[in-house]
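Quick notes on the structure that follows.
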């Protein structure tokens, strides 16, 4: 076990939850730093310079959402928020405040590890081009020539469909909120027009997924947004 | 319960009755002798006394005496009597009014008491029935909560106390028990919370326009493991309109219906999910090829904590008994209906509707050129 692995700051007020998560994080080579309150989290974030932050939104001292905003000011480390089912609004708010992903309680260790891996992957800076070829779930996208294949067959996408797919590929593995995608693909005027996004996502699924009602690639995050699954 | 309407309506009633007697008697006075007339007025007094309290009865008798005296007893149109035997008639009228009035009052009191007793009995009966139901629910609920907890505690304490003595595969099995049972607990608690939210009206429906396929897709993905033994067919028409619904709740309806299938239909039997437009609603169907549901249970299955069972060849259900009740709550919150389609020859077909309260938004069409898109 490497002592020099990435540092995970675990912000969680329940001792039991910390005790349950610690061993699996350590077993995967992470150094675990813990905080039980928002204030401790801020101190640890400033002092230990974590590589990724796991933040439970239901902290006792004040609003978890406030902590997201304050953490964002002291560190650039990606924040994965943890919250319960039914708190979709909080998730969206946390993501809008700069959290990079979320996990819904209760979650499995496999899911947690996958989220951390994606969060630790360096984000592309705005001008930077992604790898020229994307492959997942039987779909191949040549980003350089803007061509899309399902198996061996080329698929024709409309410009909007392609922009949507390319936006998701750019942030693959990560959740993208409805607002983020609408602004990226349709522009700021469309930020509330969620039905556009849903309809085009449906079209994309019908062109790319084997079973559009059981997607493998274009995953819905209910009431939050979408995620392009790449593993 | 008779409200206290005695005061003036009863006095008016008494005046009305005696007035009627007087009018009737005047109309046919040629054919009557004085005794008949006295009897008719007495009848009036008896009627009043049998219906109203003592006050109006006395009023009726006094009125009768006055009418009788002035109109029918010589000297006519004059108070006072020639024959003193009429005084006895008057006195009798008064006595009858008082006695009858008291009798009526007592009868009325007894009727009130009887009614009150009956009501109290009914309340007690309902209270007892709901108490029995509550006890039954509590005992089934505590069983449902204790069973997985017991399994978790047993497996975990074995792991904690005898770790070194256990073979790796035993350890693994115990860990899997903990995992499986805690998932069962999670489902149960989630259902209980959802039911509470529905019943306390704390459930907020956040509608948005969406293709039905999306929520269905989330549900199918969530249930990938649960439905592994049931091939799923989805038939949605291309032109199915967008629906206005809460995606998280809609997904829950699908999850509950499909979990129900997985629980009751034998492994290997298929599930068919379809939808179509019917007038102002979209109808959604989840049909299985399981043992079906008996006609007399078609409504019961939507009841809280009701568990179908007894179907041969199917393992005892492990559900919370809340799934379908939650479905009904969610669908009603959307203004729709959910029912078990009768007359299905094989398996069970659940149907629910999502009403189309408004026209779905129109999307501006995109030119269908497939040329190189503008990017970035």
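The values are calculated or read from the model by the stated rules, or taken from the named source; none is laboratory data. Bear in mind that the values here come from a model prediction, so they are computed numbers and not experimental data. Please note: Cβ atoms are built from the backbone with ideal geometry, for glycine as well, and neighbour counts cover all protein chains shown.
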Candidate set: the range A:76-87, residues that are crowded, with 19+ Cβ neighbours inside 10 Å and modelled with pLDDT of 85 or more; chosen: the one nearest to the other protein chains (Cβ to nearest Cβ): A:83
How about the range A:1-109: which strands (runs of 3 or more DSSP E) wholly inside it have at least 1 residues that are touching a helix residue (DSSP H, G or I) at 6+ places or on another chain (Cβ under 7 Å) and closer than 30 Å to residue B:188 by Cβ? A:7-11, A:52-56, A:79-84, A:101-105
Condition first: assigned to a helix (DSSP H, G or I), in contact with a helix residue (DSSP H, G or I) (Cβ under 8 Å, 6 or more places away or on another chain) and at the interface with another protein chain (Cβ under 8 Å from one of its Cβ atoms). Now tell me which residues in the range A:198-231 satisfy that. A:198, A:201, A:202, A:205
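Output yes when any residue across the range B:42-51 is free of Cβ contacts under 8 Å to residues at least 24 places away in the same chain and either part of a helix (DSSP H, G or I) or surrounded by fewer than 16 Cβ atoms within 10 Å (Cβ to Cβ) (or both), and no when none is.
yes
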Failed item in (1) farther than 23 Å from residue A:88 by Cα; (2) within 13 Å of another protein chain (Cβ to nearest Cβ), with residue A:193 passing the rest: (1)
Can you find even one residue in the range B:168-180 that is facing chain A (nearest Cβ under 9 Å) and either surrounded by 11 or more Cβ atoms within 10 Å (Cβ to Cβ) or under 33 Å from the mean Cα position of the chain (by Cα) (or both)? yes
Identity of the residue in the range B:257-284, touching a residue at least 60 places away in the same chain (Cβ under 8 Å) and within 14 Å of another protein chain (Cβ to nearest Cβ), that ends up surrounded by the most Cβ atoms within 10 Å (Cβ to Cβ): B:284
Residue A:91 fails exactly one of the following numbered conditions: (1) more than 30 Å from residue B:181 (Cα to Cα); (2) within 14 Å of chain B (Cβ to nearest Cβ); (3) surrounded by 17 or more Cβ atoms within 10 Å (Cβ to Cβ); (4) in contact with a strand residue (DSSP E or B) (Cβ under 7 Å, 6 or more places away or on another chain). What is the number of that condition? (1)
